[in-house]
Amino acid sequence: MDTDVIVVGAGLAGLTAARRLSQAGRRVRVLEARDRVGGRTHTLRLPVTGVSVDVGGQWVGPNQPNIMALLGELGLETFPTHDQGQNLARLGGRMLRYRGLIPPLPVPVLADYALLERRFLALSRTIPPGAPWTAPGAAELDAQTFDTWITRHARTAQTRALMRLYAGAVFSADPAEMSLLHALTYTAHGGGINGHTLVRGHALQDRVLGGAQAIAQRLADGLEDVRLESPVSRVGQDDSGVTLHTPQGRHRAAHAILAVPPALWSGVAFEPPLPARRAQLQQRLPMGAVIKFMAVYERPFWRSAGLSGLAISDTGPVTVTFDNSPPQGTPGILLGFIEGGHARELMELDEEARRKAALDSLARLFGDQALRPLETVQRDWAAEAHSGGCYGALFGPGVWTGYGPALRESVGRLHWAGAETARIWMNYMDGAVESGERAAREVLDREG
């Protein structure tokens, strides 16, 4: 054996698993296809202002115990997301200022939204963590799309628009791309709608000083054998161990933890072949579509206008924004998310055309000052070969009930990790850490 355990993927899931196994006295080798660690976290230093920004995952919150514990263990600090001031909503051509979660819409719309939210959250509470296919009425919930349910139960166009904005912001997808059961599962085990979308006390409260990729770098620094630019093309296993093949050669171990998005395994040969349900699951889990765009200004000019920087818009292509400035407040950075169908449309354009479209969106929200940034940065995650999209995998109708049990079920000496396999906070950094902890325990339990 070259090592005791091979971990494929140097994102938070894989590196967490590797750390726990190493702490338990196991020899671990990490194989990563990219030329960096971090997976779907990536921190860049911009050339003009020299500021560091996260073009991948960036937020953590006090309601996410796994990532918060790991940050403490690694000695990393956080700082709060700026949310002081009024939010903006551009809905149906009208601009509204507000505080909190819901814009000041007409009373019939607010009543309609409140009723829809209560129905949605009541259904979500029936979903067992980690096993949504066992929920009461799971087959019916999984047979319809989230959009079908919204259309059937929302009485006003504004309520439908708000729920579709929620889908884009949280899933980086249109609600027609996922089953209702998936939307309920994701929402329930992430603190409800508020847990996913509010700042203070919730998932968007804090950012990591130095950037979120620092988490992966600290984890990797504590390991002895992390190999970059080592994409796995073939995975074999027999009664005594596993053999993984990369361009650099073969790697032999007793167990392997596979910690990359499920869809990417469809391009890897398995000997013997994976069980049919696992193989078919991988074919049915496309990734979300998102372009993360940031515009950097000399100062956060929106703050002097009494604005928080948080905005929503049903126009697009930017549909959600945040103040992404560093803790000292300058330079000012507006972060805009382009998601789902809007992202797919802009993927067809060149970088300059995407830049213009995004800045025009920001100007409709924050005025013409938004058109004059010092610099911009954008990341189209669908163009990332070793991610295939972001934030995570989408479960369409029939996938949870038809294939869900195969998501985490080990195959011989192969064990699955990654944010998609998390029982709670699926597709978040917290979920990635939880999945890595679980996979490491599986290996140790298997060894006895």
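The values are calculated or read from the model by the stated rules, or taken from the named source; none is laboratory data. None of the values given here were measured: they were computed from a predicted structure. Ideal geometry is used to build each Cβ from the backbone, glycine not excepted, and the neighbour counts take in all protein chains shown.
Quick check on my filter: what residues within the range 22-36 are touching a residue at least 12 places away in the same chain (Cβ under 8 Å) and outside any loop (DSSP other than H, G, I, E, B)?
Listed by number, the residues that qualify are Ser22, Val28, Arg29, Val30, Leu31.
For the range 123-146, which residues satisfy the criterion of being in a helix (DSSP H, G or I) and under 20 Å from Met426 (Cβ atoms)?
Leu123, Ser124, Pro132, Trp133, Thr134, Ala138, Leu141, Asp142, Phe146
Can you tell which of Val5, Val37 is at pLDDT 95 or above and within 23 Å of the chain's Cα centre (by Cα)?
Val37
What is the one condition in (1) among the hydrophobic types (A, V, I, L, M, F, W, C); (2) more than 20 Å from Gly288 (Cα to Cα); (3) out of contact with any Asp or Glu (no Cβ under 9 Å at 6 or more places or on another chain) that Leu374 does not satisfy?
(3) is the only condition that Leu374 fails.
Does any residue of the range 150-164 turn out to be hydroxyl-bearing (Ser, Thr, Tyr), buried (at least 19 other Cβ atoms within 10 Å of the Cβ), in contact with a Leu (Cβ under 9 Å, 6 or more places away or on another chain) and part of a helix (DSSP H, G or I)?
Checked the range 150-164: at least one residue is hydroxyl-bearing (Ser, Thr, Tyr), buried (at least 19 other Cβ atoms within 10 Å of the Cβ), in contact with a Leu (Cβ under 9 Å, 6 or more places away or on another chain) and part of a helix (DSSP H, G or I).
Examine the range 86-93 for a residue that is farther than 20 Å from Leu209 by Cα, assigned to a loop (DSSP other than H, G, I, E, B) and at pLDDT below 95, and state whether such a residue exists.
Yes, some residue in the range 86-93 is farther than 20 Å from Leu209 by Cα, assigned to a loop (DSSP other than H, G, I, E, B) and at pLDDT below 95.
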